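Asks: Could you have a look at this structure, given as structure tokens, before my questions?
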Amino acid sequence: AEMERTFIAIKPDGVQRGLISEIVARFERKGFKLVAIKLVVPSKDFAQKHYHDLKERPFFNGLCDFLSSGPVLAMVWEGEGVIKYGRKLIGATDPQKSEPGTIRGDLAVVVGRNIIHGSDGPETAKDEIKLWFKPEELNTCTINSEKWVYG
Ligand code: DAT
Ligand code: MG
């Protein structure tokens, strides 16, 4: 299998609303492998680093205030096609446009409180994993169900 890794984070609204298990379950039952997970309160400076691509946007400041307003569940998930398919599980940025069955479609209503982040491509996945996790925080154990997921 062509394994790749993506960075997924449940934002403070998702954590406060008690949606951690609901969201983690969707990645877990699909067959993706959990490689790292931690609950952290990012500083505003850290939030600005995470969202640096959006610094010219009018909502940038509010977005960074929001991300640093409480605990975030930061994760790394691994699997074949996990970057693109993770975005599919998450749904469109604006929950009004997310399909039912997606995380944002099922669990969120407005773009400013869309509960989850997922890397949008291989480069950002690499950068975001490096920003949020130290190499020693990434699990290297073999998961035995992998041979049943991939054959
Ligand atoms: P995504 O999180 O789907 O990758 P993005 O990278 O374009 O979307 O934007 C990052 C976050 O910024 C997004 O999850 C919510 C917020 N955001 C995006 N567009 C917005 C807007 N028009 N108004 C308010 N917040 C917005
Ligand atoms: Mg994005």
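Bear in mind that the values in this text are calculations on the coordinates, not laboratory data. Small disclaimer: the values here were computed from a predicted structure and weren't measured. We place every Cβ from the backbone using ideal geometry, glycine too, and count neighbours over all the protein chains shown.
Asks: Among PHE32, PHE59, PHE46, which one moves the most in a GNM of the chain with springs linking Cα atoms closer than 10 Å?
Replies: The residue that fluctuates most here is PHE59.
Asks: Enter the Cα centre distance for the pair the stretch 47-70 and the stretch 74-109, rounded to the nearest angstrom.
Replies: The two parts, judged by their Cα centres, are 20 Å apart.
Asks: Per 0.36 nm of contour for each residue apart, how much would the distance between GLU80 and GLN16 grow if the chain were fully extended, relative to their Cα-Cα spacing? Walk me through the numbers before you get to the answer.
Replies: On the way: separation 64, 0.36 × 64 = 23.04 nm, distance 3.06 nm.
Once the chain is fully extended between GLU80 and GLN16, it gains 20.0 nm.
Asks: Quick one: compute the contact order of the stretch 10-151, relative version, from alpha carbon pairs under 8 angstrom and 6+ residues apart, as a percent.
Replies: Numbers: 178 pairs, mean separation 39.8, N = 142.
That works out to 28 percent.
Asks: I'd like the GluC sites (Glu not before Pro) in the stretch 46-151 restricted to DSSP loop residues with at most 13 other Cβ atoms within 10 Å, sorted by number. Provide the component values of the computation, followed by the final result.
Replies: On the way: sites: GLU56, GLU78, GLU80, GLU123, GLU128, GLU136, GLU137, GLU146; in loops: GLU56.
Qualifying residues, ordered by number: GLU56.
Asks: Counting Lys +1, Arg +1, Asp -1, Glu -1, what net charge surrounds GLY121 among other residues with beta carbon under 12 Å of its beta carbon? Can you show the working numbers first?
Replies: On the way: positive: LYS84, ARG87, LYS126; negative: GLU4, ASP53, ASP120, GLU123, ASP127, GLU128.
That sum, taken over residues with Cβ under 12 Å, equals -3.
Asks: Lys and Arg at +1, Asp and Glu at -1: add these up for the other residues within a Cβ distance under 13 Å of ILE23 and post the number.
Replies: On the way: positive: LYS11, ARG17, ARG26, ARG29, LYS30, ARG104; negative: ASP13, GLU22, GLU28, ASP106.
Around ILE23, the charge tally is +2.
Asks: Also, I was wondering about something else. Hey, got a sec? Which GluC sites (Glu not before Pro) in the stretch 1-44 land in a DSSP loop and have at most 11 other Cβ atoms within 10 Å? Show your work: numbers first, answer last.
Replies: Working: sites: GLU2, GLU4, GLU22, GLU28; in loops: GLU2.
The qualifying sites are GLU2.
Asks: Now a separate question. So which trypsin sites (Lys or Arg not before Pro) in the stretch 1-41 are both in a DSSP loop and have at most 15 other Cβ atoms within 10 Å of their Cβ? Don't jump to the answer; show the numbers that get you there.
Replies: Numbers: sites: ARG5, ARG17, ARG26, ARG29, LYS30, LYS33, LYS38; in loops: ARG17.
Hits after loop and neighbour filter: ARG17.
Asks: Right, another one. Once label points are set 7 Å from the Cα along Cα→Cβ at both LEU54 and LEU34, what is their separation, rounded to one decimal in nm?
Replies: If labels sit at LEU54 and LEU34, their model points lie 2.6 nm apart.
Asks: Near ILE103, within a Cβ-to-Cβ distance under 9 Å, what is the net charge of the other residues, with Lys and Arg +1 and Asp and Glu -1?
Replies: Numbers: positive: ARG26, ARG104; negative: GLU22, ASP106.
Every neighbour counted, the sum reads 0.
Asks: If you don't mind, there's one more thing I want to ask. Contour minus end-to-end for GLU99 and ASP45, with contour as 0.36 nm per residue of separation and end-to-end as the Cα-Cα distance?
Replies: 16.1 nm
Asks: Follow-up question, since we're still on this one. In deg cm²/dmol, rounded to 500, what helix-only [θ] at 222 nm does the chain give when every DSSP H run of at least 4 residues adds -39500 (n - 2.57) and the total is split over its residues?
Replies: On the way: 8 runs with 61 residues, N = 151.
Taken over the chain, the calculation gives -10500 deg cm²/dmol.
Asks: In whole Hz, what ³J(HN,Hα) sequence does the stretch 35-46 give by Karplus (6.51, -1.76, 1.60; θ = phi - 60°), x for Gly and Pro?
Replies: 9, 7, 7, 7, 9, 9, 9, x, 6, 4, 4, 5
Asks: How much FRET efficiency would the formula 1/(1 + (r/R0)^6) give for ASN61 and VAL110, where r is the Cβ-Cβ distance and R0 is 25 Å, rounded to 0.05? Intermediate values should be presented prior to the final figure.
Replies: Working: r = 18 Å, r/R0 = 0.70.
With a Förster radius of 25 Å, E is 0.90.
Asks: With angles folded into 0 to 90 degrees, how steeply does helix 122-132 sit against the dominant principal axis of the chain? Use alpha carbons for both and round to 10.
Replies: Taking the Cα atoms of the chain, the angle to 122-132 is about 70 degrees.
Asks: With the Cα gyration tensor of the stretch 44-151 giving a ≥ b ≥ c as the square roots of its eigenvalues, does the rule (a/c under 1.5 for rounded; else a/b larger than b/c for prolate; else oblate) give rounded, prolate or oblate? Could the numbers behind the result be given before it?
Replies: Numbers: a/c = 2.20, a/b = 1.32, b/c = 1.67.
Taking the square roots of the gyration eigenvalues as a ≥ b ≥ c, the stretch 44-151 is oblate.
Asks: Okay, next question. Using unit Cβ charges (K, R positive; D, E negative) and no other charged atoms, how large, in debye to the nearest 20, is the dipole of the chain about its Cα centre?
Replies: Numbers: 22 positive and 21 negative charges, 45 e Å.
With only Lys, Arg, Asp and Glu charged at Cβ, the dipole is about 220 debye.
Asks: Right, another one. Can you tell me the orientation of helix 20-30 relative to the chain, as the angle in degrees between its alpha-carbon axis and the longest Cα principal axis, to the nearest 10?
Replies: 40 degrees
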